[in-house]
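The values are calculated or read from the model by the stated rules, or taken from the named source; none is laboratory data. What you see is a predicted model, and the numbers here were worked out from it, not measured in a lab. Virtual Cβ from ideal backbone geometry, glycine too; neighbours counted across all protein chains shown.
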Amino acid sequence: VYLRASFLNGCNYCVDSHSTDLRAGGMPERKIVSVATWEESTFFTERERLALELTDDVTDIAGGVSDDLWERAETEFGEKGVGDLILAIGTIAIWNRIGISTHLATPPLEG
């Protein structure tokens, strides 16, 4: 969710940070890269796809979340789980804006 929102918001620092964290946590590189194209990727479970779809709709605040998506998310994650996801998506959006507006630089590549 953090990586997808950071892609959408265009925060290079956050994309680098979250992809590095996912890699360190053992996520396969191909899956990390496929977050950018999750709709076409076969690497994500239905639950992950639903979280990514919700991330897309919450991040695009002009459109909002459809009733259908909200119902599917609430069925899968429960009321508290949807609230937690919305909070996570909103929180990373704030960090993305801080990173972009302050020109937060990514650390140099090693090696």
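Checked against the criterion of being more than 18 Å from Thr59 (Cα to Cα), at pLDDT 95 or above and aliphatic (A, V, I, L, M), the candidates Leu69, Leu104, Leu87 yield just one match: Leu104.
Only one of these is of a type in the set (A, V, I, L, M, F, W, C) and touching a Phe, Trp or Tyr at 6+ places or on another chain (Cβ under 9 Å): Leu50, Leu69. Name it.
Leu50
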